[in-house]
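The values are calculated or read from the model by the stated rules, or taken from the named source; none is laboratory data. Everything quoted here is computed from the prediction, not taken from an experiment. Cβ coordinates were reconstructed from backbone atoms using ideal geometry, including for glycine residues, and neighbour counts include every protein chain displayed. Side chains are part of the model used for accessible areas, which takes the heavy atoms of the whole protein and leaves out ligands, DNA and RNA. Shrake-Rupley method; radii C 1.70, N 1.55, O 1.52, S 1.80 Å.
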Amino acid sequence: MKAFVTAHSAYEIAPIDDRIYGAFLEHLGRAIYTGIFEPGHPAADADGMRADVMELVRELNPPLVRYPGGNFVSAYNWEDGVGPRASRPTRLDLAWHTSESNAFGTHEFTAWCKRAGTAPMLAINLGSRGLEAARNFVEYVNGPLGSAWGDLRKAHGHPEPFGVKYWCLGNEMDGPWQIGQKTADEYGRLAAEVAKAMRAFDKSLELVVCGSSSSDMPGFPEWERIVLEHTYDVIDHISLHMYVTPENTSLANYLALNQKLERYIGSVAAVIETVRAKRRSKRRVTISFDEWNVWYPSRLPDRAVLAGEAGWPHAPRLHEDVYDVADMLQVGCIINSFIRRADIVKIACIAQLVNVIAPIMTEPGGPTWRQTIFHPYHLASTFGRGTALKLAMTCPAYDAEAALEVPWLDIAGVRDAAGGFVTVFAINRNPDEALELCLELTGFGTLALADHRTLASNDLSASNSMTHPDAVTPRQGGGARLDACRLTASLPPLSYHMLRLRTAG
Ligand code: AHR
């Protein structure tokens, strides 16, 4: 099986916004407690932040991290998570039926972000609360001294404003599971007023309005239209969420699901354009794909907690999915989709970052390790920054449930900002046949193959664990050849490749 791909230095999609390599941390299960924060752990610093986890987060290098939810935020009182720890209340978290000690809150999160070298993206509760709490929160976080909220922040030990730029106006507000679910009109009106107030405080904030919880929601994409008609002039991004699952479908269908994700992006882009045209607006709203990943709905040993049969445990094990090789390929394909839609997707957050449906796992009191999905995310975050290239491709294809004519090859190309490298991320989705890739590169000058890393395994169900943390890990690729401007490589069935070419002249 052969795939012919052409790249030309003059054919670009758009600059890739680094923020597509963002991540998400929620007060859910062990994401925070015994995830990033575990006082008393041998690797914890004086503030209880696990340095071993921090090191892996730094490897992934997410430019921003969304927090504190997710569903959790829709009944969260931000005031509970600030001030002396001893007087912070323990609350019942209605989203996940657990207890929230509030030992970790806004100060701890922003300090963690600083140490991790990432920017905080804070979500506001527009479920159980509204304009007043949102306004107070943003003033507490970013307000000057000499104002009541700024002075309170100082009294809590942080005179300097935190300077948080990115704000999500609620979370999945169309979802029947959401505390404070709203209709599109109710939410659109509220979000518009909250955005107006936040902008009155600081015009430079970047605001994200909730889209549908997924493209499978009955209200999609009408929800987007209505919400955008209310908010278009005062927000910057609309959120998309999508979790894919390999359950109840074939491998080929599963690995085609990023085509559904791309159609979702295309539909929302069209709604944005429609509303923009109706409003005769020059403003360009873009997409924040702030929750995406693989999720196994049936793998719930934690069902009793979610059903409320286990009381109100603090930081139980919830949604600790173990990812295999197929999931790793899937994550590579999804990130390729974001690169191909660099024109409209400006933020994306893998959901989540630690322990909960996550690339990084921890054991309380024990080690941390990288799941299989860590690796394609890491390679893309490291080598996938710059400008997305427009690639032309001919490749055998198949019909899947999610889309017709899905090419067996999934590929994205990037030129780095300095123009010294062209990198391609290529996945052979075919379970049976190797794919002979032939990539013609025109106008890039003299090329040299600088790196080839591959991710694959003979065992598709292989995964990493505490005892075998490196069962699946990138290896140096072999067999790729560069002949002047033509790169050829044989991509074995179900394999991922990062091919990096140095350009000169
Ligand atoms: O990431 C887990 C949950 O999935 C989030 O809390 C919610 O926003 C989504 O439904």
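The residues of segment 362-394 that are open to solvent by 20 Å² or more (accessible area, probe 1.4 Å) and either within 21 Å of the chain's Cα centre (by Cα) or closer than 16 Å to Leu255 by Cα (or both), listed by number, are Thr368, Trp369, Arg370, His378, Thr382, Phe383, Arg385, Thr387.
Suppose we keep only residues that are within 10 Å of the ligand (Cβ to nearest atom) and surrounded by 24 or more Cβ atoms within 10 Å (Cβ to Cβ) within segment 285-299. Which one would you say is farthest from the chain's Cα centre (by Cα)?
Within segment 285-299, the subset within 10 Å of the ligand (Cβ to nearest atom) is 290-293, 295.
Those left that are additionally surrounded by 24 or more Cβ atoms within 10 Å (Cβ to Cβ): 290-291, 293.
Values: Asp290: 5, Glu291: 5, Asn293: 7 Å.
This residue is Asn293.
Within the set of pairs 6+ apart or on separate chains, which have a first residue in segment 3-24 that is among the hydrophobic types (A, V, I, L, M, F, W, C), a second that is part of a strand (DSSP E or B) and open to solvent by 30 Å² or more (accessible area, probe 1.4 Å), and C-beta atoms under 6 Å apart? From segment 3-24, the pairs are Phe4/Thr394; Val5/Met393. Taking the numbered list (1) within 16 Å of the ligand (Cβ to nearest atom); (2) of a type outside the set (A, V, I, L, M); (3) open to solvent by 20 Å² or more (accessible area, probe 1.4 Å) in turn, Asp151 passes all entries but (1).
Only strands (runs of 3 or more DSSP E) wholly contained in segment 75-160 count here; list those with 1 or more residues that are among the acidic types (Asp, Glu). Talk me through it step by step, then tell me what you get.
Details: elements: 91-93, 98-100, 119-124.
Those strands (runs of 3 or more DSSP E) span 91-93, 98-100.
Scanning segment 167-190 for residues that are assigned to a helix (DSSP H, G or I) and within 16 Å of the ligand (Cβ to nearest atom) yields a single hit, Tyr187.
Please go through segment 478-491 and pick out each residue that is part of a loop (DSSP other than H, G, I, E, B) and either modelled with pLDDT under 95 or surrounded by fewer than 16 Cβ atoms within 10 Å (Cβ to Cβ) (or both). If you could, list the steps in order and put the result at the bottom.
Step one: of segment 478-491, the residues part of a loop (DSSP other than H, G, I, E, B) are 478-480, 484-485.
Gly478, Gly479, Ala484, Cys485 - these are the residues of segment 478-491 that are part of a loop (DSSP other than H, G, I, E, B) and either modelled with pLDDT under 95 or surrounded by fewer than 16 Cβ atoms within 10 Å (Cβ to Cβ) (or both).
Evaluate segment 241-251: report whether one residue or more is without any contact (Cβ under 8 Å) to a residue 60 or more places away in the chain and in contact with a strand residue (DSSP E or B) (Cβ under 6 Å, 6 or more places away or on another chain). Within segment 241-251 (the criterion being without any contact (Cβ under 8 Å) to a residue 60 or more places away in the chain and in contact with a strand residue (DSSP E or B) (Cβ under 6 Å, 6 or more places away or on another chain)), the answer is yes, since at least one residue qualifies. The residue that is most open to solvent (accessible area, probe 1.4 Å), counting only those in segment 83-107 that are away from the ligand (no atom under 16 Å from the Cβ) and touching a Phe, Trp or Tyr at 6+ places or on another chain (Cβ under 7 Å), is Leu92. Within segment 433-448, the presence of a residue that is of a type outside the set (A, V, I, L, M), outside the structural domain of Glu363 (by TED's automatic domain parsing) and under 20 Å from Leu379 (Cβ atoms) is excluded.
Which one of these does Gly143 not meet: (1) within 16 Å of the ligand (Cβ to nearest atom); (2) among the small types (Gly, Ala, Ser); (3) open to solvent by less than 10 Å² (accessible area, probe 1.4 Å)? Going through (1) within 16 Å of the ligand (Cβ to nearest atom); (2) among the small types (Gly, Ala, Ser); (3) open to solvent by less than 10 Å² (accessible area, probe 1.4 Å) one by one, Gly143 breaks only (1).
In segment 1-52, the qualifying residues are those that are more than 16 Å from the ligand (Cβ to nearest atom) and under 17 Å from the mean Cα position of the chain (by Cα), and the one that is most open to solvent (accessible area, probe 1.4 Å) is Asp18. Among residues of segment 226-249 being assigned to a loop (DSSP other than H, G, I, E, B) and of a type in the set (Asp, Glu), the one that is nearest to Arg299 (Cα to Cα) is Glu247.
Is it true that some residue in segment 250-265 is within 16 Å of the ligand (Cβ to nearest atom) and not assigned by TED's automatic domain parsing to the domain that holds Ser495?
Taking segment 250-265 as the starting set, the residues that turn out to be within 16 Å of the ligand (Cβ to nearest atom) are 261, 264.
Filter once more, so that each one left must be not assigned by TED's automatic domain parsing to the domain that holds Ser495: 261, 264.
Yes.
If you filter segment 415-443 down to residues that are of a type in the set (D, E, K, R) and in a loop (DSSP other than H, G, I, E, B), you find that the one that is least open to solvent (accessible area, probe 1.4 Å) is Arg429.
The lone criterion from (1) within 15 Å of the ligand (Cβ to nearest atom); (2) more than 25 Å from Gly40 (Cβ to Cβ); (3) surrounded by fewer than 24 Cβ atoms within 10 Å (Cβ to Cβ); (4) not aliphatic (A, V, I, L, M) left unmet by Glu320 is number (2).
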